[in-house]
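Chemist: I have a structure I would like to understand better, so I am pasting it below and will then ask my questions one at a time.
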Amino acid sequence: MKCWILIIGIIGFAVPSKGALLVGSDSVGIEKIGGKSYIIHQVDPQETLFGISRRYNTPVNELVQNNDSLKDGLKIGQRIRVPYIEPKMIPEGAQVHHVTPGETLFSIAKSYNISMDKLMEANALKGTDLSVGQALIIEGVKEPVKPVVAKKWKKQSL
């Protein structure tokens with residue numbers, strides 16, 4: 001009987017807690033600095049900046065800009081800040097747009113029917129350069145405007 005209690009106790013410790021499910025096994029926690037939120041990620045062996053950027057859907061250049069230590073390269077055990085936008089940081093009536101390959105600031109503004117200036121202001125952008133995967137806040141628009149495609153008419157024979 002005592003043996004079964006011991007086995008059940010050991011299994012109980014092996015089952016992950018709910019807190020472990022909230023913060024992934026690859027992240028250490030969350031940190032706020034100057035109004036921005038960051039996921040703290042600890043680098044594992046054979047990880048690359050590209051792999052980390054894909055995991056968190058954040059451009060590599062944003063990782064480098066937010067971590068001065070990355071200028072010397074990525075090291076095992078190193079803790080880096082991964083920027084992200086908390087849902088409560090998104091203004092009411094706004095949504096997040098992730099930049100895809102080939103998109104420009106102009107094309108994104110046009111697809112949401114807003115001005116480039118408004119888009120730049122909402123995201124505190126100083127220039128028009130964007131990175132694939134970069135998150136942009138789009139204010140005042142429920143859904144992107146879809147381009148109207150002209151229908152092809154079939155010739156009807158008389």
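The values are calculated or read from the model by the stated rules, or taken from the named source; none is laboratory data. Model, not experiment: these values are computed from the prediction. Don't worry about glycine lacking a Cβ; one is built from the backbone with ideal geometry, like all the others, and counts go over all protein chains shown. Areas reflect the complete protein model, heavy atoms only, side chains present, ligands, DNA and RNA absent. Shrake-Rupley method; radii C 1.70, N 1.55, O 1.52, S 1.80 Å.
Chemist: I'd like the accessible area for K75: 1.4 Å probe, protein heavy atoms, all chains in place, Å² to the nearest 10.
Modeler: Counting only protein heavy atoms, the figure is 100 Å².
Chemist: Bins of 5 Å, beginning at zero and ending with the bin holding the largest distance: percent of Cα pairs per bin for segment 47-142, please.
Modeler: Result returned by the calculation: 2, 12, 22, 21, 18, 12, 7, 4, 1.
Chemist: E31 to K75: extension gain in nm, 0.36 nm per residue of separation minus the Cα-Cα distance?
Modeler: Residue separation times 0.36 nm, minus the Cα-Cα distance, leaves 13.8 nm.
Chemist: Tell me whether segment 95-143 comes out rounded, prolate or oblate; compute the Cα gyration tensor, take square roots of the eigenvalues as a ≥ b ≥ c, and use a/c under 1.5 as the rounded threshold.
Modeler: Judged from the Cα gyration tensor, segment 95-143 comes out rounded (a/c under 1.5).
Chemist: Same structure again: May I ask which of K36/K118; K36/K126; K36/K88; K88/K110 have a Cα-Cα span longer than 22 Å here?
Modeler: K88/K110
Chemist: Still on this structure: Once the other residues with Cβ under 15 Å from the Cβ of V99 are scored (Lys, Arg +1; Asp, Glu -1), what is the net sum?
Modeler: -1
Chemist: While we're on this one: Between Q95 and K126, what FRET efficiency comes out of the Förster formula 1/(1 + (r/R0)^6) with R0 = 25 Å and r the beta carbon distance, rounded to 0.05?
Modeler: Computed FRET efficiency for K126 and Q95 comes out at 0.65.
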